Ligand SMILES: Nc1ncnc2c1ncn2[C@@H]1O[C@H](COP(=O)(O)OP(=O)(O)OP(=O)(O)O)[C@@H](O)[C@H]1O
Ligand SMILES: [Mg+2]
């Protein structure tokens, strides 16, 4: 067997078992307010409870909601660091010969929140006008390197499609599109898939997850997903405890294991072979 055959076998195996062969990037997206952040938090809980180590969680939504839902305090975001770097470059404050990529990498690693069961990177947003092209190029390379240090990277994306066209996801192993019981929710999944092809973002697997869908409409949503050739992998029920935790600011990681919404996410994680 040639090395090319072996490589192709590995690529094929990775399609079947996305997690088992090393690094796996999971991106959670969908239209606004459908439950992306909630799903990300519950999936993280499922991974932790399965004893998975080496997890990086990326809050890629500029609105930065995930730390709140996980009860994590954020001191500095990547956006703030990037803004500072750009300002220093513009003002000529960086001495010639300085390796800017290395400098930015060191600054970003300082923003990394290291926990006992996972690490977290909060992107936030850069401030001010002007072109961030150069800094963004460095950022892309640094993030690629950082994610390759972890077995699994979970990314909570901002609502809509822009993250795909800006290639924030770059190549992902699993894209989970969360939807409510709406035509727009499912169309977002279809548009993400199309746009990814147009801008050459490789999504190895795209799955749709329903959230807070009235049980009597579940069949209709599944059928609509099927008509759009989308893989519907499960639904998360409406859950009063989630609402309550949100209201009092309690971490979703503390939900009891028998919570029905969490149990549904655990089952979805099994279906998509993450646990
Ligand atoms: N299954 C559920 N049961 C009860 N409440 C839920 C459930 N899923 C989400 N919620 C609540 O709905 C609201 C929106 O959820 P969430 O923040 O996860 O959505 P999102 O898609 O991340 O929103 P955004 O587009 O603003 O990022 C939150 O208040 C959350 O607590
Ligand atoms: Mg969110």
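The values are calculated or read from the model by the stated rules, or taken from the named source; none is laboratory data. Being a predicted model, the structure only gives us computed values, none of them experimental. For neighbour counting, all protein chains shown are included, and Cβ atoms are generated from backbone atoms with ideal geometry for every residue, glycine included.
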Cβ-Cβ below 7 Å, separation at least six or inter-chain, first residue in segment 178-198 and under 11 Å from residue 31 (Cα atoms) and free of Cβ contacts under 8 Å to residues at least 24 places away in the same chain, second assigned to a helix (DSSP H, G or I) and more than 16 Å from ligand 2 (Cβ to nearest atom): which pairs?
none
Among (1) within 18 Å of residue 28 (Cα to Cα); (2) in contact with a strand residue (DSSP E or B) (Cβ under 6 Å, 6 or more places away or on another chain); (3) free of Cβ contacts under 8 Å to residues at least 40 places away in the same chain, where does residue 222 come up short?
(1)
So residue 261 clears everything in (1) within 30 Å of residue 193 (Cβ to Cβ); (2) under 23 Å from the mean Cα position of the chain (by Cα); (3) more than 8 Å from ligand 1 (Cβ to nearest atom) except one condition, right? Which one?
(3)
Residue 242, sole failed condition from (1) surrounded by 15 or more Cβ atoms within 10 Å (Cβ to Cβ); (2) more than 16 Å from ligand 2 (Cβ to nearest atom); (3) within 20 Å of residue 260 (Cα to Cα):
(2)
Lone unmet requirement of (1) away from ligand 1 (no atom under 16 Å from the Cβ); (2) crowded, with 20+ Cβ neighbours inside 10 Å for residue 211
(1)
Can you report the number of residues in segment 193-206 which are outside any helix (DSSP H, G or I) and in contact with a helix residue (DSSP H, G or I) (Cβ under 8 Å, 6 or more places away or on another chain)?
7
Residues in segment 160-192 that are crowded, with 16+ Cβ neighbours inside 10 Å, part of a loop (DSSP other than H, G, I, E, B) and at pLDDT 95 or above: how many?
2
Which residues, counting only those in segment 227-272, are touching a strand residue (DSSP E or B) at 6+ places or on another chain (Cβ under 7 Å) and either under 18 Å from residue 33 (Cβ atoms) or in a helix (DSSP H, G or I) (or both)?
235, 236, 261, 264, 265, 267, 268, 271
